[in-house]
1. Report the residue count in the stretch B:325-371 for those that are of a type outside the set (A, V, I, L, M), closer than 30 Å to B:Gln110 by Cβ and more than 7 Å from every other protein chain (Cβ to nearest Cβ).
2. Run B:Trp428 past the list (1) among the hydrophobic types (A, V, I, L, M, F, W, C); (2) away from chain A (no Cβ under 12 Å); (3) open to solvent by less than 20 Å² (accessible area, probe 1.4 Å); (4) more than 25 Å from B:Ile345 (Cα to Cα) and report the number of the one that doesn't hold.
3. Just a yes or no: is a residue in the stretch B:105-114 open to solvent by 40 Å² or more (accessible area, probe 1.4 Å) and over 22 Å from B:Ala389 (Cβ atoms)?
4. When you scan the stretch B:387-406, do you find a residue that is at positive phi, open to solvent by 10 Å² or more (accessible area, probe 1.4 Å) and within 10 Å of chain A (Cβ to nearest Cβ), even just one?
5. Exactly one condition in (1) open to solvent by less than 10 Å² (accessible area, probe 1.4 Å); (2) part of a helix (DSSP H, G or I); (3) within 14 Å of chain B (Cβ to nearest Cβ) is not met by A:Thr322; state its number.
6. Which count do you get for residues in the stretch A:77-128 that are closer than 22 Å to A:Glu256 by Cα, among the hydrophobic types (A, V, I, L, M, F, W, C) and not in a helix (DSSP H, G or I)?
7. Need the failing condition index for B:Ser291 against (1) buried (at least 22 other Cβ atoms within 10 Å of the Cβ); (2) in a helix (DSSP H, G or I); (3) more than 14 Å from every other protein chain (Cβ to nearest Cβ), just the number.
8. Please specify each residue of the stretch B:268-299 satisfying the condition of being in contact with a Leu (Cβ under 7 Å, 6 or more places away or on another chain) and in contact (Cβ under 8 Å) with a residue 40 or more places away in the chain.
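The values are calculated or read from the model by the stated rules, or taken from the named source; none is laboratory data. This one's a predicted model, so the numbers in the text were calculated from it and none came from an experiment. Cβ coordinates were reconstructed from backbone atoms using ideal geometry, including for glycine residues, and neighbour counts include every protein chain displayed. Only protein heavy atoms, including side chains, enter the accessible area calculation; ligands, DNA and RNA are left aside. Shrake-Rupley method; radii C 1.70, N 1.55, O 1.52, S 1.80 Å.
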2 protein chains.
Amino acid sequence: MNANPKFIASEAQVDNAAVAPLPASRKVYVEGSRADIRVPMREVSQTDTPATFGAAEKNPPVYVYDTSGPYTDPAAKIDIRSGLAPLREAWIEERGDTEKLAGPTSRYGQERLADAKLAELRFNLKRNPRRAKAGANVTQMHYARRGLVTPEMEYIAIRENLQRREYLERMRTAGPMGQRMADLLGRQHRGESFGASIPEEVTAEFVRSEVARGRAIIPANVNHPESEPMIIGRNFLVKINANIGNSALTSSIAEEVDKMTWSIRWGGDTVMDLSTGKHIHETREWIVRNSPVPIGTVPIYQALEKVDGKAEDLTWEIFRDTLIEQAEQGVDYFTIHAGVRLPYIPMTANRMTGIVSRGGSIMAKWCLSHHKESFLYERFEEICDIMKAYDVSFSLGDGLRPGSIYDANDEAQLAELKTLGELTTIAWKHDVQVMIEGPGHVPMQLIKENMELELEQCHEAPFYTLGPLTTDIAPGYDHITSGIGAAQIGWYGTAMLCYVTPKEHLGLPDKDDVKDGIITYKIAAHAADLAKGHPGAQIRDNALSKARFEFRWDDQFNLGLDPDKAKQFHDETLPQEGAKLAHFCSMCGPHFCSMKITQDVRDFAAKHGVAEADALKKGMEVKAVEFVKSGGEVYRKA
Amino acid sequence: MNANPKFIASEAQVDNAAVAPLPASRKVYVEGSRADIRVPMREVSQTDTPATFGAAEKNPPVYVYDTSGPYTDPAAKIDIRSGLAPLREAWIEERGDTEKLAGPTSRYGQERLADAKLAELRFNLKRNPRRAKAGANVTQMHYARRGLVTPEMEYIAIRENLQRREYLERMRTAGPMGQRMADLLGRQHRGESFGASIPEEVTAEFVRSEVARGRAIIPANVNHPESEPMIIGRNFLVKINANIGNSALTSSIAEEVDKMTWSIRWGGDTVMDLSTGKHIHETREWIVRNSPVPIGTVPIYQALEKVDGKAEDLTWEIFRDTLIEQAEQGVDYFTIHAGVRLPYIPMTANRMTGIVSRGGSIMAKWCLSHHKESFLYERFEEICDIMKAYDVSFSLGDGLRPGSIYDANDEAQLAELKTLGELTTIAWKHDVQVMIEGPGHVPMQLIKENMELELEQCHEAPFYTLGPLTTDIAPGYDHITSGIGAAQIGWYGTAMLCYVTPKEHLGLPDKDDVKDGIITYKIAAHAADLAKGHPGAQIRDNALSKARFEFRWDDQFNLGLDPDKAKQFHDETLPQEGAKLAHFCSMCGPHFCSMKITQDVRDFAAKHGVAEADALKKGMEVKAVEFVKSGGEVYRKA
């Protein structure tokens, strides 16, 4: 259990582990059509191919998607007491459709601000919240539908392309070896995207059109100007979400901020703050002000705290105040379980594990206690009015998702999904952005049905799933049981995968668990991108495999998702620095290496040329004179 | 790096970590038609459902497949210096088709035995090797084709059924709650098996017929009578293999025996000894004598050691002597890369990562050096003659498997696969058992093609794949990149999955890595069984989910694949013993628990009955009087 040292705002500092650049990595910014569109990427440099591999080749730097924000930029001044720079502020301001408020308009927000006892915990926000002017709609969907390409959209287009074209173009023009390199490093297998429409290159106009038709969302609250725009949609790179949050039992504000910076360092595209303990409001402020990625929450958790955990005491007024409170802090998307309708609740009675969603069970209890339809369902249009005043996106919660293989794809789950589709149509009427949450626990053969039903019934709104876990029998390893399902559903079309950590079902994740969860989900998301045939997805695999084949150990580590662990694992067997220059590895040792023997084959083919190789293929006799003459010696000196 | 303390045979002892029974587990033996057919299973007992969950239910013990051999049987006397009891000895003897030899007949085996310097390392085997009598064929396939149901086949049938029928039957007859329990715990989703023919219940005759037609193999060398019979085939439970083995750089005999006992403790169905260092022969003897699971090897590794690592110096005579040496020690299956034909070698020249199989690259070098067709291919029938004299199964090696996503499903790989199909036909002519090795590195959308081509071109011989890894970008996490692919290809029909550890590509696995690899692959195999709809596969998921829902924490841990880790993770957040009796968990704390709220729903439905629940579903108004009357109080005292 954590010691929970007292958190003091004036002494808060960033976790050192989250700010060092990754090895051989440099933060670069690609500029857009205006100077304030500066899109970050991580440039991973490589060493040259040793001349022993036939030719000394210059291996170009690889650009990878970078979610880590200014933390990994040595030029940025990081002070979590001041928060990040509000990079979208000018864009929001320019649109002229928002106004600065005099202060928080939620009752709760005002109370917390007035509470002197909280001064020590409070983030020192000098900026007042912003809201749409009367009658205005400030969602990215609204702009998109009016044909407006926002700076956010242009930013996203640049970000999604990852300089792929430039990377290959630079090689092709780099001399005689260039074309070969570009072919080798740029080639990719044909994908199977199950009906997705992924363009060769993402344009700002494509981003706009996808947002306009609801197939993608840009979670970007006007009160979170610190966020670096990103997109969630089936025709873009698959994204992942990391959950953090304290509970009644453990964890402090500082720990949660640390988990956020840690999550984005390893690739979290969004972060959900699921706090349920004390100081939810203050914790959230610290997280949002310091987060370059969109933040999601489940407002009903906090609403429940406000009624001392008694679900039946929840009211629309308390919930509404909570939405406004959080929207004015800058939360980018809200999970709202508006699909948990009264008639569906008895459908869960014969389940193995009932209702496992916390939000779902809160609403179920409320509905049963009052014997009334859910106020979230009945007040949905009022909720839309709040969402569009701040551009908060819906993440329509799957409160009836299955909590076990037994309950997968059952009547309750599918009834709710259909309702989420109806709600999507209502939200879109208000130009409010929507994604749909999905399960849960699903055996592999039933995963595809989830995706197909979601696309059909929710009109291609982006799907955002928790795993799914493909078996229940491995507590302690549910990052893996669910990573298997996540890769598959990502392939089938899910736009964002909510991570599961090894502690799922057992306890609260610590930083190691968060990292294990993130890396597992980066793997799942990338495997999905590859399988869908996302253009350029294979570039990183190709570069890493070339480094591996050429025994460029450090390059292999650095191009991986977790350079630290790769290096550590290598060094456990071969700790000497020289071993990382050696042309062999610990698996076989210096006298027995398949990679080296392969090089012979290549040399042989090169020496004997295409004609002879073709003859060989046909089974004809060809004398391998030169090869035999050279004594068959293949082991080069390291 | 390992310290490698000197190994002294007379002091060797079993690793303590491998012999304690797992928590709440008891080794039981199910007797077959004769007293010496005693099939081990692990019986995991459970606590009763607390009365607070509506009714105090007796949760029956669950039977799980047990690969750990006598090590986890407190009644067994374990002394690794004596090896395990030869449980199949009488069955082999009875068949009357083998003879005891005067000693090893391989030249190398004789030399090692005569070498006094090795006395200190040597396992003290008092039994002479056995071989088929002149003209006899002692393979399980041969018996199967002659219509003979061997004790091995009966043993396997009992083992595969896992007492499923008895488990459910006992519940049904256990009183009024029994039928409900049997329905809840026995229900399973319909599978998608892609054309497999999995019977409701496995009979010995079914085992025989599958072996006869080559769709399954029973690796069971007559010189490995210690092994507990198991089967590898698409219509049986998906199996996993763990690789162990020292290299030139590290690891000792004691460590390898430890890794073997550790592997089978966590679920390894077979173990491959891939040693390449010194004392391969002696290490193997220790492993085989103490292994209750089939042992596989790659004989070319040892043959290469015998010619000091010079592939071009390999000869058929040396290889042949190695096969006999290992067959007489009791190796159950040999990986033989007879599909790496001379004409295919140039096809690898333009690969990203060439030939990554060690065996494949050795043979490629031999072929190139001599400019001759592979002696493994040319002497294949002679190899079959050796295999059938001891009942060693072929694992036809995929020497040209892809070593990167880039190289997946390429010309070289698929050319070799076709040849493996031709060789299968030849082996079957000799009634020699065959499985086919498969890749490797394959993106998800290309995995199915591998399975389909294998089934078609290799005539449904069991497929045995290494992963496949679904991306190259995560060194340090390749148990996960490959677990994703393994689950999928297992679902599509692969019979055995060769594990990959986190150290893949980086270093030699230690015991933690072995365990991580095994658990990941047990997950993949089980997820595949569930997806195929293997009868009874969901029993363990259902039992564990019921325990989870009822807050039977210890039962949840104990039914999992790794009770130790589950408990450890739980205790990190809530270390008190009382917390394991608590009706809440660390994720939400005592005042906020979705599982508890669900129980309300269930109580509500029970109180109000079917009619009212149906009315609710139809959206009618029904007064929830009793629920409201009870004050909506749901939190029971822990």
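1. So the first thing to find is which residues in the stretch B:325-371 are of a type outside the set (A, V, I, L, M), and the list is B:325-326, B:328-330, B:332-335, B:337, B:339, B:341, B:343-344, B:346, B:348, B:350-351, B:353-354, B:357-361, B:365-367, B:369-371.
Next, only the ones that are closer than 30 Å to B:Gln110 by Cβ stay: B:325-326, B:328-330, B:332-335, B:337, B:358-359, B:365-366, B:369-370.
Retained after the next criterion (residues that are more than 7 Å from every other protein chain (Cβ to nearest Cβ)): B:325-326, B:328-330, B:332-335, B:337, B:359, B:366, B:370.
Final tally of qualifying residues: 13.
2. (3)
3. First pass over the stretch B:105-114, keeping only residues open to solvent by 40 Å² or more (accessible area, probe 1.4 Å): B:105, B:107-108, B:110-114.
When the remaining residues are screened for being over 22 Å from B:Ala389 (Cβ atoms), the result is B:114.
Within the stretch B:105-114, one or more residues are open to solvent by 40 Å² or more (accessible area, probe 1.4 Å) and over 22 Å from B:Ala389 (Cβ atoms).
4. So far as the stretch B:387-406 goes, no, none of its residues is at positive phi, open to solvent by 10 Å² or more (accessible area, probe 1.4 Å) and within 10 Å of chain A (Cβ to nearest Cβ).
5. (3)
6. Total satisfying the criteria: 8.
7. The one condition B:Ser291 does not meet is (2).
8. First, the residues of the stretch B:268-299 that are in contact with a Leu (Cβ under 7 Å, 6 or more places away or on another chain): B:279, B:282, B:285, B:289-290, B:292, B:298-299.
Hits for the stretch B:268-299 are B:His279, B:Glu282, B:Glu285, B:Arg289, B:Asn290, B:Pro292, B:Val298.
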